[in-house]
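Novice: A single structure is presented below for examination.
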Amino acid sequence: MRAYKQVENEMKYLTYLIKKPVLIIFFIISIVLLIIYFSLNINNLTSLVLVVVGFIIWIKGIFDLKENFSISPQPKNLVAKGIYSKIRHPIYVGQALVSIAWCVLIRSIFLVIFVIGISSVLIIRARMEERTLIRKFGKRYEKYKKQTWI
């Protein structure tokens, strides 16, 4: 019975992931780009590794947040387990890694500008979230922040 509940929960989270349009769009673009530019060279292999690592971090961040995930910062609980025990903003880190992978793969100045834009938005969002988390959790968040990387 316990295994059934675990499978049921995992299916619930997979369904939840499918409802994340940015994740799905990034995933589709990444697959298309990797197929179009496929060849066995160091740039493409580096891109593939960055895409895989980026999506793992991103998806793990969504899974670990569970019901705490929201578009605007509305913290219910301080999540400090799972990937959040090491990285404060794994969803943003994952997005950034996937975007960097696109730059490594395509090597276009326009894409570099696009990735700088995305990264700037992610940094601004992370700072907004951190202000909200500090207001809500105070010293607990400050202590947590010192124990994590990004």
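No lab work stands behind these numbers, since they all come straight from the coordinates. In this text the structure is predicted, and so the values were computed from the model without any measurement. Reconstructed Cβ throughout: ideal geometry from the backbone, glycine too, with neighbour counts over all protein chains shown.
Novice: Cβ contacts < 7 Å: first residue more than 19 Å from Ile36 (Cα to Cα), restricted to the stretch 107-118; second residue in a helix (DSSP H, G or I) and aliphatic (A, V, I, L, M), any location; separation 6+ or different chain. Result?
Specialist: Val115/Ile100
Novice: Moving on. Could you grab me the full set of residues in the stretch 112-150 that are loosely packed, with under 13 Cβ neighbours inside 10 Å, in a helix (DSSP H, G or I) and small (Gly, Ala, Ser)?
Specialist: Correct list: Gly117, Ser120.
Novice: Is one or more of the residues making up the stretch 68-82 out of contact with any Gly (no Cβ under 6 Å at 6 or more places or on another chain), closer than 24 Å to Asn43 by Cβ and not basic (Lys, Arg)? Walk me through it before giving the result.
Specialist: Residues of the stretch 68-82 that are out of contact with any Gly (no Cβ under 6 Å at 6 or more places or on another chain), as a first pass: 68-82.
If we keep only those that are closer than 24 Å to Asn43 by Cβ too, we end up with none.
There is no residue in the stretch 68-82 that is out of contact with any Gly (no Cβ under 6 Å at 6 or more places or on another chain), closer than 24 Å to Asn43 by Cβ and not basic (Lys, Arg).
Novice: Another question, if that's okay. In the stretch 61-111, how many residues are aromatic (Phe, Trp, Tyr), in contact with a helix residue (DSSP H, G or I) (Cβ under 9 Å, 6 or more places away or on another chain) and part of a helix (DSSP H, G or I)?
Specialist: Count: 4.
Novice: Condition first: over 30 Å from Glu142 (Cβ atoms), free of Cβ contacts under 8 Å to residues at least 60 places away in the same chain, of a type in the set (A, V, I, L, M, F, W, C) and in a helix (DSSP H, G or I). Now tell me which residues in the stretch 29-60 satisfy that. If you could, list the steps in order and put the result at the bottom.
Specialist: So in the stretch 29-60, the residues over 30 Å from Glu142 (Cβ atoms) come out as 29-52, 55.
Imposing the further condition that a residue be free of Cβ contacts under 8 Å to residues at least 60 places away in the same chain reduces the set to 31-32, 35-36, 38-42, 45-52, 55.
With of a type in the set (A, V, I, L, M, F, W, C) added as a condition, the list becomes 31-32, 35-36, 38, 40, 42, 45, 48-52, 55.
Answer for the stretch 29-60, where residues must be over 30 Å from Glu142 (Cβ atoms), free of Cβ contacts under 8 Å to residues at least 60 places away in the same chain, of a type in the set (A, V, I, L, M, F, W, C) and in a helix (DSSP H, G or I): Ile31, Val32, Ile35, Ile36, Ile42, Leu45, Leu48, Val49, Leu50, Val51, Val52, Phe55.
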